[in-house]
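Trainee: Below is the structure I would like to discuss, written out as structure tokens.
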Amino acid sequence: QVQLVESGGGFVQAGESLRLSCVASGRFFNFNAMGWYRQAPGKQRDLVATITPGGNTNYADSVKGRFTISRDNARKTVYLQMNSLKPEDTAVYYCNTDSQRWNWGQGTQVTVSS
């Protein structure tokens with residue numbers, strides 16, 4: 001079973017940046033489209049961005065132009081560069097395949113203060 005470990009979250013002021021990382025164990029990372037998701041308190045978990053094995057990306061409208069997803073298949077790692085952060089970006093961020101195929105990791109908390 002693939003394990004996912006997210007890191008890079010923190011407490012920042014509005015307008016600042018963070019870079020999240022997610023490392024996957026196992027052999028199947030390179031064959032899967034990956035996604036970053038986020039869950040704010042009391043809300044459902046939403047898809048933020050996806051990236052195919054070949055590097056094609058897609059973004060939720062709320063983050064388009066501010067967030068960039070990327071991946072390093074050799075390191076089995078997917079990244080989320082988050083710029084111009086807003087208080088509404090505050091959430092726990094998770095990675096998984098675009099079909100949520102694997103067990104969820106612990107996530108990484110992002111808190112943006114105004």
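Trainee: Suppose every K and R has +1 on its Cβ and every D and E has -1 on its Cβ; what is the size of the dipole of the chain about the Cα centre, in Debye to the nearest 20? Walk me through the intermediate numbers first.
Mentor: Details: 12 positive and 8 negative charges, 50 e Å.
It works out to roughly 240 debye.
Trainee: Next question. Would you kindly state how much longer the chain becomes between Arg101 and Gln81 on full extension, computed as 0.36 nm times their sequence separation minus their alpha carbon distance, in nm to one decimal?
Mentor: Once the chain is fully extended between Arg101 and Gln81, it gains 4.9 nm.
Trainee: In terms of Cα to Cα distance under 25 Å, which lysines are near enough to Lys76, apart from those fewer than 8 places away along the same chain?
Mentor: Lys64
Trainee: Between Ala33 and residues 5 or more places away or on another chain, which pairs have amide H atoms under 5 Å apart, with H built 1.01 Å from N, and which residues are they?
Mentor: Asp98
Trainee: Still on this model: Which far-off residues, 5 or more places away or on another chain, put their amide H under 5 Å from the one on Gly10, with H placed in the peptide plane?
Mentor: Amide H neighbours of Gly10: Val110, Thr111.
Trainee: Further question: List the trypsin sites (Lys or Arg not before Pro) within the stretch 1-104 that fall in a DSSP loop (any state other than H, G, I, E or B) and whose Cβ has at most 15 other Cβ atoms within 10 Å. Mind showing how you got there, number by number?
Mentor: Numbers: sites: Arg19, Arg27, Arg38, Lys43, Arg45, Lys64, Arg66, Arg71, Arg75, Lys76, Arg101; in loops: Arg27, Lys43, Lys64, Arg66, Lys76, Arg101.
The qualifying sites are Arg27, Lys43, Lys64, Arg66, Arg101.
Trainee: Per residue, how large is the accessible surface of the chain? Use a 1.4 angstrom probe and give square angstrom.
Mentor: Solvent-accessible surface per residue comes out at 52 Å².
Trainee: If all Cα-Cα distances of the stretch 29-79 are sorted into 5 Å bins from 0 onward, what percent lands in each bin, rounded to whole numbers?
Mentor: Result, from short to long distances: 5, 21, 28, 21, 15, 8, 2, 0 percent.
The values are calculated or read from the model by the stated rules, or taken from the named source; none is laboratory data. Everything quoted here is computed from the prediction, not taken from an experiment. Positions of Cβ are backbone-derived with ideal geometry, glycine not excepted, and every protein chain shown enters the neighbour counts. Only protein heavy atoms, including side chains, enter the accessible area calculation; ligands, DNA and RNA are left aside. Shrake-Rupley method; radii C 1.70, N 1.55, O 1.52, S 1.80 Å.
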